[in-house]
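In what follows, a structure is listed as structure tokens, so that the remarks can point back to it.
The values are calculated or read from the model by the stated rules, or taken from the named source; none is laboratory data. Small disclaimer: the values here were computed from a predicted structure and weren't measured. So basically every Cβ, Gly included, is an ideal-geometry build from the backbone, and we count neighbours across all protein chains shown. Accessible surface is based on the protein model in full, side chains and every heavy atom, while ligands, DNA and RNA are left aside. Shrake-Rupley method; radii C 1.70, N 1.55, O 1.52, S 1.80 Å.
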Number of protein chains: 2
Amino acid sequence: MPRGHPAFDLFVRKLSQRSILTEDERQAILSLNGREMEVEPHRDIVGPGQVTDTSCFVVSGLAARFGQLRDGRRQITAIHIPGDMCDLYSLMLPKVEWALQALSARLTIVKVPHRDLAALCRAYPGIAEAFWRDCVADGSILSQWVVNVGRRDARMRTAHLFCELGVRMEKAGLGQRTRYRLPVVQVQLADALGVTPVHMNRVIRSMREDGLMTIRAREVHISDWAALATAAGFDEGYLELRQEARRL
Amino acid sequence: MPRGHPAFDLFVRKLSQRSILTEDERQAILSLNGREMEVEPHRDIVGPGQVTDTSCFVVSGLAARFGQLRDGRRQITAIHIPGDMCDLYSLMLPKVEWALQALSARLTIVKVPHRDLAALCRAYPGIAEAFWRDCVADGSILSQWVVNVGRRDARMRTAHLFCELGVRMEKAGLGQRTRYRLPVVQVQLADALGVTPVHMNRVIRSMREDGLMTIRAREVHISDWAALATAAGFDEGYLELRQEARRL
DNA sequence: CGGAAGGTTGACGAGCTTCAAGACAGGTGG
DNA sequence: CCACCTGTCTTGAAGCTCGTCAACCTTCCG
């Protein structure tokens, strides 16, 4: 089996948490390859209206999908951490409607041609299923975000996002849920949570003053997980991966 | 080929708008069957935490997924119109995190066993792909909802929802985008848009006074589509089905 | 006729935005 | 080494959107 890009063991790891993969399938995914590149912030990796023929695997750093209004206001609809294949859904709908950008200063991705992903799906139905399940799991997070911005106030929303990221980071092996690197600025948190940067700042301050959490040097430190989770109304069920991961 | 439930030609119609299906595949889907039932509002078809072994096809009426906070506040995360297979994603993640309920007074669904859907996927990779694409398309709508509740004010949000539903109804052959039946009460619109019922009422009144649209006898009538779409910042790209619907 | 459900309206307050300014840090050039 | 600049964080004050509470109205239906 030819060796692919070394970062893809992160991808196998993530898929295996949700789906059952045979050894053949694992090896097939590990043999994937693509163009590695570093992306600077505020530059679209893919932009709305484009038809793309690649998906982007996050090696290090953070990526995000942005929706944009005509007046320039932005809303982040998804945050992708290392190990995520963002734009996997574009394999099904290659015309993308959202901008994908770097969220952190240093973002390294691998661009994987749809051609190769499609070949894998044809050869191994189990891989197609794992990809499908991955898209659905992203949708589950998206549902939670709708609830978040729709029905929680700014403080709950913020607490909820930090809980979600903590759990996702931990599951991906990138830190503990109570302490993880988050190389983003407050403006971007505001864009993710649907508030203004000014208000974002006040909310973070208030949570710091209440002893819930602190952010220093791009690192989140949650001092009281239970209190934060309660304040957020956080229930990690929607991130639960290891359910009855049967094969079709 | 055994005849299945007659309503599934709506399903084939919808899938065919997004994906290319062979005649065999169409016939296979049409042979699907399940238990038809009528559901009254405020009763969970499936509830959070349950593990389900069926998906629900909407024959007539409206269904919705609800997220709920501990204090009882609700947020609708998806509205399903006739022809939608809601809970299709549960084929991949059978443990559901959201409540599925009737939105309209009279909702008729067909409960299709996962077993049968899975058998179809195994026998016809093209059907699996169409299902996958359907899930992704739902995710695309969900992204737009995040932008909606995150960055648009109540008036824009409302206008946006009526535009979206208009286009979806039209594509499904259930009316014109400027005139369609929407058998829901204002409380439910408020739950979908993340505002209070009182404010919902004021927004609808204001839009009526501005000559944008009216709702009478559960029927939406959009008097000035262009003005409404502009007020909403509506761009139907994210609902566009007929893109390069290639097969893998 | 009476009750229930949904729609409508007013008054008031809270949460969030907007505008504006200042503090602080890191990086650059003289 | 310091002056300066730029990006980020922080804070205050004023105002608007939206939520809350409460009441009343209309329609429908038994």
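Structure data summary
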{"quantity": "Qualifying GluC sites (Glu not before Pro) for region A:139-248 [loop in DSSP, other Cβ within 10 Å: at most 13]", "calculated": "A:GLU244"}
{"quantity": "Region A:151-239, relative contact order [Cα under 8 Å, separation at least 6], %", "calculated": "36"}
{"quantity": "Cα centre as origin, Lys/Arg/Asp/Glu Cβ charges: the protein assembly as shown dipole, Debye", "calculated": "660"}
{"quantity": "Principal axis dimensions, largest first and in whole angstrom, of chain B by Cα", "calculated": "55, 40, 31"}
{"quantity": "Angle in degrees between helix B:125-151 and the longest Cα principal axis of chain B, rounded to the nearest 10", "calculated": "20"}
{"quantity": "For the protein assembly as shown, with +1 on Lys and Arg beta carbons and -1 on Asp and Glu, the positive-most of A:SER19, A:VAL185, B:LEU91 along the dipole", "calculated": "A:VAL185"}
{"quantity": "Model label zone, B:SER223; criterion: amide N under 16 Å from point 7 Å along Cα-to-beta-carbon; scope region B:146-179", "calculated": "B:178-179"}
{"quantity": "Carbon and sulfur %, accessible surface of region B:8-142 computed with the full protein complex present, 1.4 Å", "calculated": "48"}
{"quantity": "Reachable lysines from A:LYS171, criterion Cα separation under 25 angstrom, eight or more residues apart if same chain", "calculated": "A:LYS14, A:LYS111, B:LYS95"}
{"quantity": "B:ALA123/A:ARG202 FRET efficiency (R0 45 Å; Cβ-Cβ; nearest 0.05)", "calculated": "0.20"}
{"quantity": "Centre separation in Å (Cα based) which lies between region A:132-191 and region B:174-248", "calculated": "29"}
{"quantity": "Cα-centre dipole for chain A with unit charges at Cβ (Lys and Arg positive, Asp and Glu negative), debye to 20", "calculated": "360"}
{"quantity": "Angle in degrees between helix B:154-171 and the longest Cα principal axis of chain B, rounded to the nearest 10", "calculated": "40"}
{"quantity": "Estimated 222 nm signal from helices in chain B, with DSSP H stretches of n ≥ 4 weighted -39500 (n - 2.57), rounded to 500", "calculated": "-13000 deg cm²/dmol"}
{"quantity": "Cα shape, region A:151-239, gyration tensor, a/c 1.5 rule", "calculated": "rounded"}
{"quantity": "Fully extended contour minus Cα-Cα distance, from A:ARG70 to A:THR230, at 0.36 nm per residue", "calculated": "53.9 nm"}
{"quantity": "Rg to Rh quotient for region A:8-142, alpha carbon positions, Kirkwood Rh", "calculated": "0.96"}
{"quantity": "Interatomic Cα distance distribution for the protein assembly as shown, bins of 20 angstrom, percent", "calculated": "23, 59, 18, 0"}
{"quantity": "Loop-located trypsin sites (Lys or Arg not before Pro) in region B:1-66, at most 16 other Cβ atoms within 10 Å (DSSP)", "calculated": "B:ARG3, B:ARG43"}
{"quantity": "Selection from B:MET156, A:ILE79, A:SER31 lying farthest towards where the dipole of the protein assembly as shown points positive, charges on Cβ", "calculated": "B:MET156"}
